[in-house]
Amino acid sequence: ASSPEADAALHPLQDSSLGSLTMYVVPETSPLLPQGINAYVGKHRSALVRAAGTLPTLRSRLQQLTQVMSFTASSITAALSDRVPDGQPGPDARRNLKSSLGYEITFSLLNPDPKSHDVNWDIEEAVTRYVQPVLDKLSLVANFSVDSQILYYAVLGVTPRYDKESSSFLLSTHSLPHVINPVEARLGSSAASLYPVLNFLLYVPERSHSPLYIQDKDGAPVSTNAFHSPRWGGIVVYNVEAPAAPQASLPLHVDVDMARVMEVFLAQLRLLFGLSREELPPEFLLESPGNEGLADWELDRLLWAHTVENIATVSTTLTSLAQLLDKIGNIVIKDDVASEVYRAVASAQSAMDKLATGHLHPAFQASKEAATSSERAFFDPSLLHL
């Protein structure tokens, strides 16, 4: 048998509750693991570890696995990066989206040059096939809504530089923030939305700026020809081949290769949710989560992060509210505000107790209730004018 077969066969026997982790130690000579591989992480909540000559070696392998598969001190720092006063969170810490009860995902096709390009994309089929399995898995974490649009004559905010040598146009990484601003105005208002909006843009450059390539900070071409913007979304630049015959009739009919584009969008979605894979030692093998987009243990890490973040939000919100009310002596606090505060404190306490006993799902639910109650109390109409 191979590791993936073993992973699939062992799955029904495991404790599949959220946040659990099962490690199987296999004999040193076991053929289950490929040559040179000492640990295999499956797509559920388990791992295979090759037994080592000594216990300390095995212990360090198990520790490394726990670092990868579960919630660690550095994950907590990342989850709380916005609240750590002048801590030194790493560069990735601010990438992740804030915990929210819901997210809106918008796919936009930008065709700045419809006279030259008649662009078709089968976005509905692509969402069903590539995005929905991932969102089904993430539905534990939040509600998602997905919509799409095509924008004509929408241009990027930066004029690309022409490069004689490659006879192509180049956009350098440092100009990318300016790319988004003018497009932002056309995307439709995220102000009307209750939830954070994630934008995924497919940009077909106009004929006069084709082909267009994105360069990294060292001037090397970016293999995906895409970039992502923390907490905002991502853009893929999709070049159309110039017709062989110069007098070809315009507009050219273009069918977008959705598999190629969706692969990049899903990688960007993972980055936005902080699901980027850690650097692993070469003797560790991680199973690809396949079309579900994330492994069960990655979902657990996400729930942990959101639970911790929700508890911190409750603490901040209630502290601010208490400080505000302390300043105003003769304030009248309505009963329903008081009961939301009590409910928030009780739910946050319950979330912490459940986390301590390893019951991840109820802990997450309680943290969401706590966050909702604390916001309700803080934004109550009777207090709003204060």
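The values are calculated or read from the model by the stated rules, or taken from the named source; none is laboratory data. Just so it is clear, the model here is predicted, and its values are computed rather than measured. Glycine also receives a Cβ, built like all others from the backbone with ideal geometry; neighbour counts cover every protein chain displayed. Just the protein is used for accessible areas: all its heavy atoms, side chains included, with ligands, DNA and RNA removed. Shrake-Rupley method; radii C 1.70, N 1.55, O 1.52, S 1.80 Å.
What the table below lists for this structure:
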read-out: From VAL236, VAL240, residue being among the β-branched types (Val, Ile, Thr), in contact with a Ser or Thr (Cβ under 8 Å, 6 or more places away or on another chain), assigned by the TED database to the domain that holds ALA142 and free of Cβ contacts under 8 Å to residues at least 60 places away in the same chain; value: VAL236
read-out: Any hit, the stretch 333-343, residues being closer than 15 Å to GLU309 by Cα, buried (at least 17 other Cβ atoms within 10 Å of the Cβ) and modelled with pLDDT of 95 or more; value: no
read-out: Subset of the stretch 173-212 [β-branched (Val, Ile, Thr), over 21 Å from LEU271 (Cα atoms) and under 24 Å from the mean Cα position of the chain (by Cα)]; value: VAL183
read-out: Selection count where residues are in contact (Cβ under 8 Å) with a residue 40 or more places away in the chain and farther than 22 Å from ILE123 by Cβ, scope the stretch 174-209; value: 7
read-out: Output for the stretch 230-258, where each listed residue is assigned to a strand (DSSP E or B) and open to solvent by 70 Å² or more (accessible area, probe 1.4 Å); value: HIS253, ASP255
read-out: Strands (runs of 3 or more DSSP E) contained entirely in the stretch 88-188, each with at least 3 residues that are open to solvent by less than 40 Å² (accessible area, probe 1.4 Å); value: 102-111, 168-172
read-out: Pairs with Cβ under 9 Å, 6+ apart, first in the stretch 128-150 and among the polar types (S, T, N, Q), second part of a helix (DSSP H, G or I); value: SER148/ILE123; SER148/GLU124; SER148/VAL127
read-out: Pairs with Cβ under 8 Å, 6+ apart, first in the stretch 6-33 and free of Cβ contacts under 8 Å to residues at least 60 places away in the same chain and at negative phi, second open to solvent by 60 Å² or more (accessible area, probe 1.4 Å) and assigned to a loop (DSSP other than H, G, I, E, B); value: ALA9/ALA1; THR22/ASP15; GLU28/GLY53; LEU32/ALA1
read-out: Per-region count, the stretch 347-359, residues open to solvent by 60 Å² or more (accessible area, probe 1.4 Å) and either in contact with a strand residue (DSSP E or B) (Cβ under 7 Å, 6 or more places away or on another chain) or touching a residue at least 24 places away in the same chain (Cβ under 8 Å) (or both); value: 2
read-out: Failed item, numbered, when PHE227 is tested on (1) hydrophobic (A, V, I, L, M, F, W, C); (2) in a strand (DSSP E or B); (3) under 15 Å from ASN111 (Cβ atoms); value: (3)
read-out: In the stretch 306-346, the residues that are within 29 Å of LEU18 (Cβ to Cβ) and out of contact with any helix residue (DSSP H, G or I) (no Cβ under 6 Å at 6 or more places or on another chain); value: HIS306, ALA312, SER315, THR316, TYR342, VAL345, ALA346
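Table: residues versus (1) open to solvent by 20 Å² or more (accessible area, probe 1.4 Å); (2) under 30 Å from GLN132 (Cα atoms); (3) in a helix (DSSP H, G or I); (4) aromatic (Phe, Trp, Tyr).
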position	(1), (2), (3), (4)
LEU280	yes, yes, no, no
ASN291	yes, yes, yes, no
LEU294	no, yes, no, no
ARG301	yes, yes, yes, no
THR307	no, yes, yes, no
ILE311	yes, yes, yes, no
ASP326	yes, no, yes, no
HIS361	yes, yes, yes, no
